[in-house]
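Single-structure report; data block below.
Nothing in this text is a laboratory measurement; each read-out follows from the coordinates by a stated rule. Note that the coordinates shown come from a computational prediction; the quantities given were computed from them, not determined experimentally. So basically every Cβ, Gly included, is an ideal-geometry build from the backbone, and we count neighbours across all protein chains shown.
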Amino acid sequence: MFYKQHFLKIINKKFYLKNKKIYVSVSSGLDSMVLLDVLIKICNFTICVIHCNFNLRGKDSDKDELFIQEFCLKHKILFKSKNFNPIKSNFSIQMMARKLRYDWFKYLLNNSYCDYIALGHHLDDSIETFFINLIRGTGIKGLIGINNFKKKIIRPLSFFSKKEIISYAQENNIKWREDNSNYDHKYLRNRIRFFLKPILDYKFYNGFKKSIKYLYYEYVCSKTHIDYIYNSITIEKKKDPFLFKIDR
């Protein structure tokens with residue numbers, strides 16, 4: 001009961017979603033199934049579940065989709081799924097899958113099918129992204145992690161750690177399906193998840209939340225000022241062919 005009230009209180013405080021139509025992106029994994037359960041329990045907006053099937057795991061990909069579809073039938077929730085083939089690309093499969101997914105989200109939002117799309121990213125995802133970007137080289141924007149609210153894409157679980165999400169799932173008897181690729185150490189994110197994060201204690205999580213907030217404020221402040229200067233001196237800009245005129 002503690003985690004249910006804890007999640008509902010924070011999400012209601014941070015996100016005003018009353019009378020909105022929310023599309024919830026669900027993969028069948030722990031995080032998205034917890035997100036769906038929490039949003040169902042808030043009950044003051046319309047929910048539709050959306051699912052991307054990238055067909056990367058054979059029959060398991062179809063079982064994931066069927067698992068979500070059966071959940072939606074049981075709870076009388078509208079369900080939309082879309083099949084993709086990210087293999088036919090010059091990009092990595094992960095990058096192409098991400099692009100295809102967000103292109104679909106953009107289409108849904110631009111055509112007013114919903115007010116917001118909710119994703120299951122949480123605090124640990126943001127920590128992993130911080131370290132990935134730090135290792136590869138980045139500026140302030142890359143150190144912010146994952147933005148919890150951007151262009152009508154919301155991440156209601158971004159204030160909760162993975163441990164809290166697991167505790168919520170146990171308390172509320174949430175069922176989900178595991179993706180074995182999450183344990184493959186060839187991916188940098190997984191190596192950070194299994195080798196670096198276990199040594200981080202409770203104090204780190206609290207400090208990280210504060211640091212992300214401060215970095216975000218600094219990024220917004222500097223970007224706002226740079227955008228003001230950019231707009232004030234720009235005379236003409238064309239992407240093709242590239243042309244950029246400024247007032248000297």
Between the range 167-206 and the range 120-154, what's the alpha-carbon centroid distance in Å?
-> 16
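Of all trypsin sites (Lys or Arg not before Pro) in the range 143-229, which ones are in loop regions per DSSP and have a Cβ with at most 13 other Cβ atoms within 10 Å?
For trypsin sites (Lys or Arg not before Pro) across the range 143-229 that sit outside H, G, I, E and B with at most 13 neighbouring Cβ atoms in 10 Å, the list reads 151, 175, 186.
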Computed magnitude of the charge dipole of the chain (debye, nearest 20; Cβ of K, R +1, Cβ of D, E -1) | 460
Spin-label zone in the range 10-40 - amide nitrogen under 19 Å from a point set 7 Å from the Cα of residue 175 along the C-beta vector = 26-40
Contact order normalised by residue count of the chain, Cα under 8 Å, 6+ apart, percent | 20
Once P(r) over Cα pairs in 5 Å bins from 0, in percent is worked out from the coordinates, which option in [x] 1, 6, 13, 16, 16, 14, 11, 9, 7, 5, 3, 1, 0; [y] 1, 5, 11, 15, 17, 17, 14, 9, 5, 3, 2, 1, 0; [z] 1, 6, 14, 19, 22, 18, 13, 6, 1, 0 does it equal?
-> [y]
What do you get for Rg/Rh of the range 201-248 when both radii come from the Cα atoms and Rh is the Kirkwood radius?
-> 1.34
Set Lys and Arg Cβ to +1 and Asp and Glu Cβ to -1, take the dipole of the chain about its Cα centre, and tell me which of 38, 217, 109 lies farthest positive.
-> 217
Residue by residue, what Karplus-based ³J(HN,Hα) values in Hz, rounded to whole numbers, does the range 154-161 have, using 6.51, -1.76 and 1.60 with θ = phi - 60° and x for Gly and Pro?
-> 10, 10, x, 8, 5, 8, 10, 7
Only Lys, Arg (+1) and Asp, Glu (-1) charged, at Cβ; the range 129-175 dipole about Cα centre in debye | 300
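Out of all DSSP beta bridges in the range 2-198, what portion is antiparallel? Express it as a percent rounded to 5.
Beta bridges within the range 2-198, antiparallel portion: roughly 10 percent.
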When the chain is treated as a Gaussian network with springs between alpha carbons less than 10 Å apart, the largest mean-square fluctuation among 228, 168, 217 is found at 228
14 Å beta-carbon shell around residue 70, net charge (K/R +1, D/E -1) | +2
